[in-house]
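Quick notes on the structure that follows.
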Amino acid sequence: MIDLKKLQVWFITGTQHLYGEETLKQVAEHAEEVAKSLSANKEISVTVVYKPIVKTTEEIFETLQQANIDENCIGVITWMHTFSPAKMWIRGLNVLQKPLLHLHTQFNRDIPWNTIDMDFMNLNQSAHGDREFGFMVSRMRKDRKVVVGHWQDEDVAKQIDVWARAAAGWHDWQGAKFARFGDNMRYVAVTDGDKVEAEMKFGFAVNTYGIGDLVAVINSISEDAIQNLLKEYEETYEMSADLKTGGERHASVYEAAKIELGLRKFLEDGNFKGFSDTFEDLHGMVQLPGIAAQRLMADGYGFAGEGDWKTAALVRACKVMGAGLPGGNAFMEDYTYHFDPANAMVLGSHMLEVDASLAKGKASLEVHPLGIGGKADPARLVFNVGSGDALNASLIDMGNRFRLLVNEVKAVETENELPNLPVARVLWKPLPDMKTGCAAWIYAGGAHHTAYSQNLTTEHLADFANIAGLEYVNIGAETKINQFRNELQWNEVFYK
Ligand code: MN
């Protein structure tokens, strides 16, 4: 569903006419070699496209305008091989709407000590050419990422990829549509927010559909399609005999398959990238979607429960940013605590909808009562989630801005069987420790709903926040509560 290699980052090299044709020819050859090498680098998930070197105000303006309107271009990388007087960049930077990465590199890694002369010096002067360009970008208060190092260094490629993934997540939001079945869960604050402001800032639209519209599609699903999906369920998951075809409780699974097909058709027909629903608005539906939401998330759709469109959109962006990396990106909720001082941790889950892409081993398809919503017992996948570094991210509406809050966590293996817990579950320890992590989260106003990522780092999220113009707040190994509270207060001033 998500193919990052189709997306392009344009490699634009700045220079000027001062040095003569021979130098410009070399600049162009070098720039093309660097762009091609980055594009071929296995660390970089997008296509890097060489663009002819730019030498005048007009060429710069024209190239950056083209970047704006090219639908596959998700961002531009700039590099000043020689000096490129930066007043030439003002007009172009003024109109640039795509994310910007400034690569501060040099064609030669080493100084050729025995042969270096003034020709070499004039050809390889990004050390000051990039400073001139950097001044202009700072002077214009434009956000960008600066990456420093030789272009063949693995670390440079990795940093470019992190930014490119963030740019891909941003690109995916532009024009994206998210469906909201019903409204917000009644009285809940943090999952609500300003959808108009979000569309202006982030480029995605959230619109509401009556649950009856979805029910009509669910009821239109053919018997053949339902039988095929039921066969897939039986082949893919552990299932008790009474849930399989002919079993006593098979009707629940049959209904769940029908709901999954209906939801999938609704989302495909409407070209949606994600959705939200609420157990308080299911009129005409037999069950709350459980396995349907779990499998749709695993296929790349953003989702969050109870009308939480912000988390649904964030989950989708994380899925795009993490495409092709081992591990998953999922809707998550801080559910309950283990407050043992020697081994404190959070149990994360949801009442049904834990993303199947997190499953460690074969998931079990089960049917249990739900306890809320007053509907029939829904089918859901139950599984454990593996250990390792992960993070929780929350997108909240602070009224005058949106905040992206990230807490790095260490996921741990479940040591106990949890035989009576009828949902998938994750255990993690927040950094820097349980008390500091939870207190900081609450001071920052973070939601109980998050995007849980096994493969994104804080650098991905910070780059994404920078591109999206989001306030970014991190809780990690170095967080100290007093300093953290000060940071929140300073940010209040910045965003006033
Ligand atoms: Mn919830």
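Restricting 317, 313 to residues that are more than 16 Å from the ligand (Cβ to nearest atom), at pLDDT 95 or above, under 30 Å from residue 186 (Cβ atoms) and out of contact with any Pro (no Cβ under 9 Å at 6 or more places or on another chain) narrows the list to 317. Scanning the stretch 215-249 for residues that are surrounded by 17 or more Cβ atoms within 10 Å (Cβ to Cβ), part of a helix (DSSP H, G or I) and under 31 Å from the mean Cα position of the chain (by Cα) gives 215, 217, 218, 229, 233. Across the stretch 296-308, the qualifying residues are those that are within 13 Å of the ligand (Cβ to nearest atom) and on the phi < 0 side of the Ramachandran plot, and the one among them that is surrounded by the most Cβ atoms within 10 Å (Cβ to Cβ) is 304. With respect to (1) farther than 30 Å from residue 283 by Cβ; (2) not in a loop (DSSP other than H, G, I, E, B), the lone exception for residue 333 is condition (1).
State whether one or more residues within the stretch 354-368 are under 27 Å from residue 162 (Cα atoms) and within 14 Å of the ligand (Cβ to nearest atom). Yes; the residues of the stretch 354-368 include at least one that is under 27 Å from residue 162 (Cα atoms) and within 14 Å of the ligand (Cβ to nearest atom). Of all residues in the stretch 8-28, exactly one satisfies the criterion of being in a helix (DSSP H, G or I) and under 35 Å from the mean Cα position of the chain (by Cα), namely 28. In the stretch 442-483, the qualifying residues are those that are within 16 Å of the ligand (Cβ to nearest atom) and of a type outside the set (Ser, Thr, Tyr), and the one that is surrounded by the fewest Cβ atoms within 10 Å (Cβ to Cβ) is 448.
Select, from 162, 196, the only residue that is of a type in the set (A, V, I, L, M) and exposed (fewer than 13 other Cβ atoms within 10 Å of the Cβ). Matching residue, one of 162, 196: 196. Restricting the first member to the stretch 388-414 and to residues that are closer than 11 Å to residue 471 by Cα, and the second to residues that are surrounded by fewer than 20 Cβ atoms within 10 Å (Cβ to Cβ) and of a type in the set (A, V, I, L, M, F, W, C), the beta-carbon pairs closer than 6 Å and six or more apart or on different chains are 402/470; 404/470. On the given criteria, is residue 269 modelled with pLDDT of 95 or more, within 16 Å of the ligand (Cβ to nearest atom) and among the charged types (D, E, K, R)? Criteria not met by residue 269. Is it fair to say residue 281 is within 16 Å of the ligand (Cβ to nearest atom) and surrounded by fewer than 24 Cβ atoms within 10 Å (Cβ to Cβ)? Criteria met by residue 281.
Within the stretch 370-393, does at least one residue satisfy the condition of being buried (at least 17 other Cβ atoms within 10 Å of the Cβ), within 24 Å of residue 439 (Cβ to Cβ) and within 16 Å of the ligand (Cβ to nearest atom)? Looking through the stretch 370-393, at least one residue is buried (at least 17 other Cβ atoms within 10 Å of the Cβ), within 24 Å of residue 439 (Cβ to Cβ) and within 16 Å of the ligand (Cβ to nearest atom). Quick check, is residue 300 part of a loop (DSSP other than H, G, I, E, B), within 20 Å of the chain's Cα centre (by Cα) and over 26 Å from residue 235 (Cα atoms)? When the stated conditions are applied, residue 300 does not pass them.
The values are calculated or read from the model by the stated rules, or taken from the named source; none is laboratory data. Keep in mind that this is a model prediction, so the values were computed, not measured. Note that we place each Cβ from the backbone using ideal geometry, even for glycine, and neighbour counts take in every protein chain shown.
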